[in-house]
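Engineer: What follows is a single structure, and I will ask about it in a moment.
The values are calculated or read from the model by the stated rules, or taken from the named source; none is laboratory data. Computed from a prediction, not measured in an experiment: that's the story for all the values here. Neighbour counts are summed over all protein chains in view; Cβ atoms, including those assigned to glycine, are modelled from backbone coordinates with ideal geometry. Just so you know, the surface numbers come from the protein's heavy atoms only, side chains and all, with ligands and any DNA or RNA stripped out. Shrake-Rupley method; radii C 1.70, N 1.55, O 1.52, S 1.80 Å.
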Amino acid sequence: MTMKKNVIQESRDLYGIDDWGSGYFGISDKGTVEVYPFGDNKVSVELSQILAIAADKKVKTPLIIRFPQILDTQLTRLQNAFKSAMEEFKYEGDLRAVFPFKVNQRKEFIDDLVSSGKKHVYGLEVGTKPELFAALAYDIHPEALFVCNGFKDSHFIELAFDAKKMGKNVVLVIEGTDELKFIINHAKKVGFCVDIGLRAKLYAKGSGMWEKSGGIGSKFGLNSVEMMEALYLLEEAGLKDQLAMI
């Protein structure tokens with residue numbers, strides 16, 4: 001028995017499951033791979049049992065097994081971590097997190113994310129027209145942010161205004177002053193305006209795979225001169241109260 005336990009522990013160490021598993025995956029004392037959907041040992045499921053059930057139902061491998069409880073637990077942990085930090089540093093604002101749609105567009109995942117996210121006022125972020133069309137189908141919390149990034153042509157902007165009419169808490173993040181000018185003109189035409197965000201082009205550069213997306217040569221965002229021009233355009237149009245994000 002001791003030898004078997006040693007082999008099992010060696011397997012845990014070899015595959016690092018206690019590290020990447022984050023409390024959700026592990027190897028039991030029987031040597032089977034187990035899932036702990038709530039991040040603790042109170043509820044566990046052996047993957048071999050799931051595969052046996054799938055085989056009985058004539059479902060062939062490979063297959064994707066989803067545990068929505070993990071998503072819900074992780075989302076709650078994330079929110080609680082921020083709230084704890086906010087209390088520690090006496091931050092009096094609200095937390096309005098969003099999920100970038102491009103990270104995982106599978107309907108099964110987004111369905112569970114939106115369902116779990118409602119109690120946390122968790123929103124969505126889109127960067128293309130196809131993502132915007134897809135995200136509009138989801139009934140997120142009315143106060144959750146619906147952030148629109150990326151290049152925006154006239155159709156994208158008009159669709160974002162339609163989303164505002166549908167009750168979405170839309171924020172159009174400006175990548176250039178031409179976008180802002182079209183938004184202002186469209187707002188005058190329809191008689192209302194979405195909230196507006198400004199993306200700053202920072203001169204500082206980070207490191208890693210996104211290093212080239214920062215610095216003065218970056219194609220994203222507004223430099224300091226363009227930022228001042230955007231503020232002037234908003235004030236001139238009487239829309240400076242719509243500036244909601246930087």
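Engineer: At 25 °C and 0.890 mPa s, grab the translational diffusion coefficient of the chain from Stokes-Einstein with a Kirkwood Rh over Cα pairs, rounded to a whole number in µm² per second.
Structural biologist: Calculated translational D: 114 µm²/s.
Engineer: Here is a follow-up. Round to a whole number: what % of the accessible area of the chain belongs to carbon and sulfur, probe 1.4 Å?
Structural biologist: Heavy-atom surface of the chain belonging to carbon and sulfur, 1.4 Å probe: 56 percent.
Engineer: I'm a student and want to see the number: the projected area of the Cα convex hull of segment 149-246, averaged over all directions, in nm².
Structural biologist: Its average projected convex-hull area is 6.5 nm².
Engineer: Only bridges whose two residues both fall in the chain count here: according to DSSP, what percent of them are antiparallel, nearest 5?
Structural biologist: Restricted to the chain, the bridges split so that about 25 percent are antiparallel.
Engineer: Express the accessible area of segment 140-185 per residue in Å², computed with a 1.4 Å probe while the remaining protein chains stay in the model.
Structural biologist: Accessible area per residue: 39 Å².
Engineer: How big is the dipole moment of the chain about its Cα centre under a simple scheme where the beta carbon of each Lys and Arg is +1, that of each Asp and Glu is -1, and everything else is neutral? Debye, nearest 20, please. All intermediate terms of the calculation are to be shown ahead of the outcome.
Structural biologist: Values: 32 positive and 34 negative charges, 115 e Å.
Result for the chain is approximately 560 debye, rounded to the nearest 20.
Engineer: Residues with amide H under 5 Å of Leu222's amide H, sequence separation 5 or more or different chain, H placed in the peptide plane at 1.01 Å from N; which?
Structural biologist: The list, which skips near neighbours in sequence, is Arg199, Ala200, Lys201.
Engineer: If you don't mind, there's one more thing I want to ask. What number, rounded to the nearest 500 deg cm²/dmol, is the helix-based mean residue ellipticity at 222 nm of the chain, given -39500 (n - 2.57) per DSSP H run of at least four residues and division by all its residues?
Structural biologist: Values: 9 runs with 106 residues, N = 246.
Counting only the DSSP helices, I get -13500 deg cm²/dmol.
Engineer: Where the eigenvalues come from the Cα gyration tensor of segment 1-68, what are the semi-axes √(5λ) of the equivalent ellipsoid, largest first, in whole Å?
Structural biologist: Rounded to whole Å, the semi-axes are 23, 15, 11.
Engineer: Please compute the Kirkwood hydrodynamic radius of segment 1-138 from all pairs of different C-alpha atoms, in Å with one decimal.
Structural biologist: 17.9
Engineer: Can you grab the distance from the C-alpha centre of segment 155-200 to the C-alpha centre of segment 84-143, Å, no decimals?
Structural biologist: Cα centroid of segment 155-200 versus Cα centroid of segment 84-143: 19 Å apart.
Engineer: Give me the 1.4 Å probe accessible area per residue for segment 1-107, excluding ligands and nucleic acids, in Å².
Structural biologist: 75
Engineer: Taking only Cα atoms and a 10 Å spring cutoff, compute GNM fluctuations for the chain and point out the largest among Leu145, Leu132, Leu95.
Structural biologist: Checking each option, the largest mean-square fluctuation is seen for Leu95.
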